[in-house]
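Novice: Got a structure for you, questions after.
The values are calculated or read from the model by the stated rules, or taken from the named source; none is laboratory data. Being a predicted model, the structure only gives us computed values, none of them experimental. Heads up, the Cβs are rebuilt from the backbone with ideal geometry, glycines too, and the neighbour counts pull from every protein chain shown.
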């Protein structure tokens, strides 16, 4: 059974469908394509330390921690205490801020998230619970979402080489402020968002679903790039893909609905290959970009 998870104060924190750990071979193959896109941007940045905002259950941040730990043995020699089951830092403290494969994942306090952290441990990986500091809660009749609680991160300027915000910007009321804060604490930022400013997403049923899962922003590629620029960053590399089959089949129940969702995915994937601009206007695609500090005029 799939559904969304909600924290005690009404904030949408995620869903109960484990697309990364699915046993379905088709879903696994498609998700591997999505992860390859992120890996490509990750390798371009070649970071020695990573901050992942909105890390969820820790699946991707754990993989990155293992990769950085292998690449930088100093991060796996016990200098970074593993997080405890409740997400707090281990007794040995954090890894050296100058590198050593240090990885920090932060997200909201919610039982399923912290349970995931307990399953995804590494010596150089630390988890932190994001403090909720909203001025006001959800409006009557509405579910809350991730707010701008990450707009003031407890890290020094340039403390990390890379920040990642994977499927986060659509959940915050001020994505520019969040990116600006990530750019302050990190030397580069990887962003991934679903581009939902399209014909399909304008339908009432789609708008209702987006609100249900906590999406506050409906972005297109131009809007994301504009937010990046206003945050003092520039896009150094970008990638995009149609939403994977797992997303299309997420709410499909029964063989007929599953077959219809599969056919829709195949049609959309083909259109995106042939005419990506038209595809972006017609339906939702994933967009990811590597952002670096913008050079000052004449710099």
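Novice: Would you confirm whether any residue within the stretch 187-209 is surrounded by fewer than 19 Cβ atoms within 10 Å (Cβ to Cβ) and closer than 25 Å to residue 47 by Cβ?
Specialist: yes
Novice: For the stretch 251-289, how many residues meet the condition of being more than 30 Å from residue 43 (Cα to Cα) and in a loop (DSSP other than H, G, I, E, B)? Break it down into steps so the answer makes sense when it comes.
Specialist: Kept after step one, since they are more than 30 Å from residue 43 (Cα to Cα), are these residues of the stretch 251-289: 251-264, 267, 282.
This time we only want the ones that are in a loop (DSSP other than H, G, I, E, B), so: 251-254.
Total meeting the criteria: 4.
Novice: Still on this structure, please answer the following. I'd like the full set of residues that are more than 15 Å from residue 192 (Cα to Cα) and touching a helix residue (DSSP H, G or I) at 6+ places or on another chain (Cβ under 6 Å), limited to the stretch 41-60.
Specialist: 50, 57, 58
Novice: Just to check your reading of the model, which residue among 228, 191, 205, 247 is farther than 26 Å from residue 290 by Cβ and not in a loop (DSSP other than H, G, I, E, B)? Working first, answer last.
Specialist: Working: 228 fails: farther than 26 Å from residue 290 by Cβ; 191 fails: farther than 26 Å from residue 290 by Cβ; 247 fails: farther than 26 Å from residue 290 by Cβ.
Just one listed residue meets the conditions, 205.
Novice: Given (1) touching a helix residue (DSSP H, G or I) at 6+ places or on another chain (Cβ under 7 Å); (2) more than 18 Å from residue 280 (Cα to Cα); (3) modelled with pLDDT of 85 or more; (4) not in a strand (DSSP E or B), identify the lone condition not met by residue 219.
Specialist: (2)
Novice: Spot the failing condition for residue 235; the list is (1) over 24 Å from residue 44 (Cα atoms); (2) in contact (Cβ under 8 Å) with a residue 40 or more places away in the chain, and only one is missed.
Specialist: Single failed check for residue 235: (1).
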